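Let me begin by presenting the structure, written as structure tokens, before commenting on it.
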Amino acid sequence: MSDQTINVEQAHSFRLCDCDITDKGCVDLTAALRSNPSHLTYLNMYNNSLRDSEVKLISDVLENPDCKLKILELCRCNITDEGCVALTLALQSIPSHLKHLNLSDNNLRDLGLKLISDVLKNPDCKLKILELCRCNITDEGCVALTSALESNPSHVTHLHLSNNYKLRDLGVKLISDVLKNPDCKLKILKLCRCNITDEGCVALTSALESNSSHLGDLDLSFNKLRDSGVKLISDVLKNPDCKLKILELCRCNITDEGCVALTSALQSNPSHLTHLNLSDNNLRDSGVKLISDVLKNPQCKLKILELCNCDITNKGCADLTSALRSNPSHLTHLHLSNNYKLRDSGVKLISDVLKNPDCKLKILKLCWCNITDEGCDALTSALRSNPSHLTHLNLSNNYNLRDSGVKLSDVLKNPDCKLKLLDLRDCGITANGCAVLKSALRSNPSNQAQLKI
């Protein structure tokens with residue numbers, strides 16, 4: 001630990017994720033931080049069994065008026081009420097530096113949340129980012145949190161509460177009341193897997209309609225919103241004051257009806273949304289056609305589109321790629337993984353898009369798409385003719401690709417190739433094929449691509 005201690009004293013950031021740190025290690029670490037507290041601004045101790053006693057040691061460091069920590073990540077560290085008491089007492093005494101606190105995946109429950117809420121009420125509190133995912137929060141804890149945010153609404157800009165299954169509609173109603181406050185500065189709200197239904201969605205969208213000018217990132221994935229909830233969200237998107245740039249609605253039971261409402265809203269107000277995630281919904285080809293019509297709009301600003309596991313076939317892919325050919329300059333991320341019916345014919349259509357010199361695609365994900373030799377030939381040909389944009393290509397879990405994936409070695413050899421990541425895991429590539437790909441990468445030292453096989 002002594003070498004690490006020297007590094008702690010000199011570094012501005014320090015990561016000790018998954019390090020199996022014991023009591024002794026934490027004592028050494030905090031001793032170093034106490035002896036030289038003014039440099040370290042970022043400490044990440046994700047997934048260490050710190051327990052409450054070690055959290056108390058870190059809390060002692062925070063109480064030092066010379067401590068300059070701005071980001072503290074203690075996700076999955078076995079913290080309970082006792083550790084939370086020590087941590088929040090420290091933040092109450094010296095609350096002015098810490099801006100980002102991540103306590104996700106700890107058994108904080110409602111008492112822990114009440115303690116954190118007391119910190120937020122402090123007018124000197126500077127916390128902007130608060131992550132409390134999977135912390136067993138219920139209505140009671142949410143009451144304390146939202147009460148604190150209402151009494152001091154102008155600081156917190158990022159609130160992550162995903163995977164708190166007991167939050168439900170009542171919790172979302174409380175959060176919605178905060179959003180209505182004209183002084184609220186929330187820009188990012190993550191409520192994935194919180195058991196939200198129509199009732200909670202009504203409250204949330206009503207709040208956004210009354211005060212839509214700040215929130216830019218909303219994640220409601222894995223909630224039972226269905227088409228009725230999506231229609232409500234669509235009404236918000238139509239508002240010209242709406243500033244939503246990122247909307248995540250993965251696995252929300254959306255069908256054609258909801259997709260009609262959503263795409264109609266995006267057609268009427270296409271200039272804000274840059275990231276749309278509709279993965280794991282039963283969109284099928286009809287839904288993809290509606291989305292494709294949005295992409296054709298020259299005012300459309302979508303850069304990231306996620307349509308994984310949406311039962312897309314060649315017909316839907318034809319509509320999508322036609323839209324991208326007519327308006328190729330905006331989309332940079334396209335995620336189509338787990339569309340088993342896409343196959344080689346769909347990949348050929350996508351390859352034609354990649355050949356377009358105006359294409360700006362940087363990340364393309366085609367895992368689990370039943371791609372074989374024929375699709376790989378088309379993709380390789382496209383990347384040879386236009387190698388300068390794509391940085392991430394994920395073809396993993398296309399079991400029938402086999403050593404045809406080796407053809408991509410020609411792309412890796414190209415000095416103009418910009419690939420940073422090529423993922424060919426679980427594609428049936430043999431040891432000989434792996435050797436060819438690695439050799440191609442070594443032959444082009446200017447390309448620092450990461451190869452996963």
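Residue under question is Ser351, and the condition is that it be in a loop (DSSP other than H, G, I, E, B), crowded, with 17+ Cβ neighbours inside 10 Å, modelled with pLDDT of 95 or more and small (Gly, Ala, Ser); does it hold?
no
For the range 53-103, which residues satisfy the criterion of being among the polar types (S, T, N, Q) and either in contact with a strand residue (DSSP E or B) (Cβ under 8 Å, 6 or more places away or on another chain) or within 22 Å of His158 (Cβ to Cβ) (or both)?
Result: Thr88, Gln92, Ser96, Asn102.
What do you reckon, is Asn397 touching a residue at least 12 places away in the same chain (Cβ under 8 Å) and within 26 Å of His330 (Cα to Cα)?
No, not satisfied.
Suppose we filter Cys201, Cys184 for residues that are within 21 Å of Leu149 (Cα to Cα), part of a helix (DSSP H, G or I) and out of contact with any Phe, Trp or Tyr (no Cβ under 9 Å at 6 or more places or on another chain); which single one remains?
Among Cys201, Cys184, only Cys201 is within 21 Å of Leu149 (Cα to Cα), part of a helix (DSSP H, G or I) and out of contact with any Phe, Trp or Tyr (no Cβ under 9 Å at 6 or more places or on another chain).
Quick one: would you say Lys187 is more than 21 Å from Asn107 (Cβ to Cβ) and without any contact (Cβ under 8 Å) to a residue 40 or more places away in the chain?
On the way: more than 21 Å from Asn107 (Cβ to Cβ): yes; without any contact (Cβ under 8 Å) to a residue 40 or more places away in the chain: yes.
Yes, satisfied.
Could you say which residue among Leu412, Leu419, Leu408, Leu437 is part of a loop (DSSP other than H, G, I, E, B), among the hydrophobic types (A, V, I, L, M, F, W, C) and crowded, with 20+ Cβ neighbours inside 10 Å?
Criteria check complete, one pass: Leu419.
Please pick out the residue among Leu113, Leu89, Leu120, Leu101 that is closer than 19 Å to Gly141 by Cα and surrounded by fewer than 19 Cβ atoms within 10 Å (Cβ to Cβ).
Just one listed residue meets the conditions, Leu89.
Quick test of your reading of the structure: Leu451 fulfils all but one of (1) in contact with a Phe, Trp or Tyr (Cβ under 7 Å, 6 or more places away or on another chain); (2) in a strand (DSSP E or B); (3) of a type outside the set (D, E, K, R). Name the failing condition by number.
(1)
Quick one: is Asp227 modelled with pLDDT of 95 or more, closer than 19 Å to Asn163 by Cα and not in a strand (DSSP E or B)?
No.
Please verify whether Cys252 is out of contact with any Gly (no Cβ under 6 Å at 6 or more places or on another chain) and in contact (Cβ under 8 Å) with a residue 24 or more places away in the chain, treating the condition exactly as stated.
yes
Can you pull out every residue in the range 228-249 that is crowded, with 19+ Cβ neighbours inside 10 Å, within 16 Å of Asn195 (Cα to Cα) and free of Cβ contacts under 8 Å to residues at least 40 places away in the same chain?
Across the range 228-249, the qualifying residues are Gly229, Val230, Leu249.
Checking Ser221 against (1) touching a residue at least 40 places away in the same chain (Cβ under 8 Å); (2) in a helix (DSSP H, G or I): exactly one of these is not met. Which one?
If we test Ser221 against (1) touching a residue at least 40 places away in the same chain (Cβ under 8 Å); (2) in a helix (DSSP H, G or I), just (2) comes out false.
Suppose we keep only residues that are among the polar types (S, T, N, Q) and not in a helix (DSSP H, G or I) within the range 59-98. Which one would you say is nearest to Asp110 (Cα to Cα)?
Thr80
With under 20 Å from Ile246 (Cα atoms) and either touching a helix residue (DSSP H, G or I) at 6+ places or on another chain (Cβ under 7 Å) or hydrophobic (A, V, I, L, M, F, W, C) (or both) as the only criterion, which of Ser162, Ser221, Ser212, Ser151 stands out?
None of the other options fit; the residue is Ser212.
Looking only at the range 275-308, how many residues end up being of a type in the set (Asp, Glu), within 23 Å of the chain's Cα centre (by Cα) and surrounded by fewer than 17 Cβ atoms within 10 Å (Cβ to Cβ)? Spell out the reasoning first.
Applying the first criterion (of a type in the set (Asp, Glu)) to the range 275-308 yields 280, 285, 293, 306.
Next, from what is left, pick out any that are within 23 Å of the chain's Cα centre (by Cα): 280, 306.
Okay, now just the ones that are also surrounded by fewer than 17 Cβ atoms within 10 Å (Cβ to Cβ), so none.
Total meeting the criteria: 0.
So which residues in the range 23-58 are hydroxyl-bearing (Ser, Thr, Tyr), part of a loop (DSSP other than H, G, I, E, B) and either modelled with pLDDT of 75 or more or within 31 Å of the chain's Cα centre (by Cα) (or both), if there are any at all?
Of everything in the range 23-58, those that are hydroxyl-bearing (Ser, Thr, Tyr), part of a loop (DSSP other than H, G, I, E, B) and either modelled with pLDDT of 75 or more or within 31 Å of the chain's Cα centre (by Cα) (or both) turn out to be Thr41, Tyr46, Ser49.
Evaluate the following for Lys99: is it farther than 24 Å from Arg15 by Cβ and of a type in the set (D, E, K, R)?
On the way: farther than 24 Å from Arg15 by Cβ: no; of a type in the set (D, E, K, R): yes.
When the stated conditions are applied, Lys99 does not pass them.
Can you say whether Arg384 is in contact (Cβ under 8 Å) with a residue 12 or more places away in the chain and in a loop (DSSP other than H, G, I, E, B), as far as the supplied structure shows?
No; evaluated as a whole, the condition is false for this residue.
Mind checking which residues of the range 361-412 are more than 21 Å from the chain's Cα centre (by Cα), within 18 Å of Leu349 (Cα to Cα) and basic (Lys, Arg)?
Within the range 361-412, just Arg384 meets the criteria.
Out of the residues in the range 104-155 meeting the condition of being part of a loop (DSSP other than H, G, I, E, B) and touching a strand residue (DSSP E or B) at 6+ places or on another chain (Cβ under 7 Å), tell me which one is nearest to Asp52 (Cα to Cα).
Ser104
The values are calculated or read from the model by the stated rules, or taken from the named source; none is laboratory data. Worth saying up front: this structure is predicted, and the values here are computed from it rather than measured. Don't worry about glycine lacking a Cβ; one is built from the backbone with ideal geometry, like all the others, and counts go over all protein chains shown.
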